[in-house]
1. Output the number of residues of the stretch 137-157 satisfying the condition of being charged (D, E, K, R) and surrounded by 24 or more Cβ atoms within 10 Å (Cβ to Cβ).
2. All but one of (1) modelled with pLDDT of 95 or more; (2) over 24 Å from the mean Cα position of the chain (by Cα) hold for THR84; state the number of the condition that does not hold.
3. So is ARG131 surrounded by fewer than 17 Cβ atoms within 10 Å (Cβ to Cβ), at pLDDT 95 or above and not assigned by TED's automatic domain parsing to the domain that holds ALA47 or not?
4. What's the number of the only condition in (1) buried (at least 16 other Cβ atoms within 10 Å of the Cβ); (2) within 17 Å of the chain's Cα centre (by Cα) that ASP41 fails to meet?
5. Is it the case that the stretch 226-244 has a residue that's touching a Phe, Trp or Tyr at 6+ places or on another chain (Cβ under 9 Å), among the polar types (S, T, N, Q) and buried (at least 18 other Cβ atoms within 10 Å of the Cβ)?
6. Could you please let me know if LEU159 is closer than 16 Å to ALA238 by Cα, in a loop (DSSP other than H, G, I, E, B) and among the aliphatic types (A, V, I, L, M)?
Amino acid sequence: MPAVLLPRLLAMARSYTTEAVVLRSFRFGEADRVLHLYTLDRGRVGAVAKGVRKTKSRFGGRLEPFSHVELVLHHGRGELETVTGASLVRPHDRARTDPYRLQVGLIGLEAMLRLYTEQEANERAFTALTRFLDALDDLPARATRAATDPLGLAFQLKLLWLSGYLPHLGGCVECGEESDLVGFLPDAGGVVCRACARPGTLGLSEAGIASVERLLRAPLAEAEQIELEERAARDALAVVNASYEYHGGFRLRTVMS
């Protein structure tokens with residue numbers, strides 16, 4: 001093998017192609033951007049897109065948050081991959097340009113960022129993310145807060161399920177009682193009856209418990225059609241937030257803002 005070919009072959013061996021969703025990006029240097037990606041093949045990945053902020057960048061607007069793309073990534077010596085090629089699968093411009101959709105989408109992307117931090121492939125999580133973004137493009141604006149939107153809540157509950165934190169809802173997590181369920185106990189991972197409620201129990205309405213079950217079961221493409229009463233929606237959000245706090249020690253900034 002000619003010696004001149006060896007460096008080129010080694011570089012090719014360190015490059016790979018994968019589908020990805022851009023979760024977040026921020027400026028780096030004079031013309032670059034650092035991207036937080038969730039990829040089909042390797043899970044969470046950090047990458048740098050060199051020269052992307054230049055007017056004549058070959059990447060154009062393909063690497064904005066929400067974009068579903070196919071990327072060629074090169075793994076060099078540093079922690080960040082380098083984007084060497086990018087093509088759009090779905091731009092999701094409709095999600096970015098409508099204020100309500102944007103806010104619901106930012107909540108979903110932050111949930112993905114906070115729950116999935118490892119470079120480990122999870123095809124089901126990637127599929128849930130892309131289906132969420134597909135549904136988000138046609139999401140109608142509601143009079144309620146974006147934080148209690150049924151699509152956003154359904155997506156976050158599914159992410160908790162895929163992360164192994166599915167709330168137990170079929171009966172009291174302590175004694176198995178199926179009636180008189182009054183709250184959610186984060187450290188036990190499910191709902192509790194009145195007799196088993198103790199300090200730390202998050203009070204829930206009957207409609208709130210039913211709404212969490214309904215949101216979990218509904219395909220993401222149908223979640224926007226779910227109508228939730230205000231109290232039920234707040235209860236579902238409270239279950240999501242309590243699960244984040246107990247299992248991950250965080251709260252979403254996009255929900256608090």
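1. Of the residues in the stretch 137-157, the ones charged (D, E, K, R) are 137-138, 142, 145, 149.
Next, from what is left, pick out any that are surrounded by 24 or more Cβ atoms within 10 Å (Cβ to Cβ): 149.
Number of matching residues: 1.
2. Among (1) modelled with pLDDT of 95 or more; (2) over 24 Å from the mean Cα position of the chain (by Cα), the lone unmet condition for THR84 is (1).
3. Values: surrounded by fewer than 17 Cβ atoms within 10 Å (Cβ to Cβ): yes; at pLDDT 95 or above: yes; not assigned by TED's automatic domain parsing to the domain that holds ALA47: yes.
For ARG131, the condition - surrounded by fewer than 17 Cβ atoms within 10 Å (Cβ to Cβ), at pLDDT 95 or above and not assigned by TED's automatic domain parsing to the domain that holds ALA47 - is met.
4. (1)
5. Filtering the stretch 226-244 for residues touching a Phe, Trp or Tyr at 6+ places or on another chain (Cβ under 9 Å) gives 235, 238-239, 242-244.
Next, only the ones that are among the polar types (S, T, N, Q) stay: 243.
Next, only the ones that are buried (at least 18 other Cβ atoms within 10 Å of the Cβ) stay: 243.
Checked the stretch 226-244: at least one residue is touching a Phe, Trp or Tyr at 6+ places or on another chain (Cβ under 9 Å), among the polar types (S, T, N, Q) and buried (at least 18 other Cβ atoms within 10 Å of the Cβ).
6. On the way: closer than 16 Å to ALA238 by Cα: yes; in a loop (DSSP other than H, G, I, E, B): no; among the aliphatic types (A, V, I, L, M): yes.
No: the conditions fail for LEU159.
Okay, residues lined up against (1) without any contact (Cβ under 8 Å) to a residue 60 or more places away in the chain; (2) more than 14 Å from the chain's Cα centre (by Cα); (3) on the phi < 0 side of the Ramachandran plot; (4) assigned to a loop (DSSP other than H, G, I, E, B):
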| residue | (1), (2), (3), (4) |
| --- | --- |
| VAL52 | yes, yes, yes, yes |
| ARG94 | yes, yes, yes, no |
| LEU106 | no, no, yes, no |
| ARG114 | no, no, yes, no |
| ARG124 | yes, no, yes, no |
| ALA141 | yes, yes, yes, yes |
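Conditions (1) at pLDDT 85 or above; (2) among the hydrophobic types (A, V, I, L, M, F, W, C); (3) within 30 Å of LEU159 (Cα to Cα), marked per residue:
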{"position": "VAL34", "(1), (2), (3)": "yes, yes, yes"}
{"position": "GLY43", "(1), (2), (3)": "yes, no, yes"}
{"position": "VAL48", "(1), (2), (3)": "yes, yes, yes"}
{"position": "ARG53", "(1), (2), (3)": "no, no, no"}
{"position": "LYS56", "(1), (2), (3)": "no, no, no"}
{"position": "GLU64", "(1), (2), (3)": "yes, no, yes"}
{"position": "HIS68", "(1), (2), (3)": "yes, no, yes"}
{"position": "LEU71", "(1), (2), (3)": "yes, yes, yes"}
{"position": "LEU80", "(1), (2), (3)": "yes, yes, yes"}
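The values are calculated or read from the model by the stated rules, or taken from the named source; none is laboratory data. The model shown is predicted, which means the values in this text are computed figures rather than measured ones. Cβ sites come from the backbone with ideal geometry, for glycine too, and all protein chains shown count toward neighbours.
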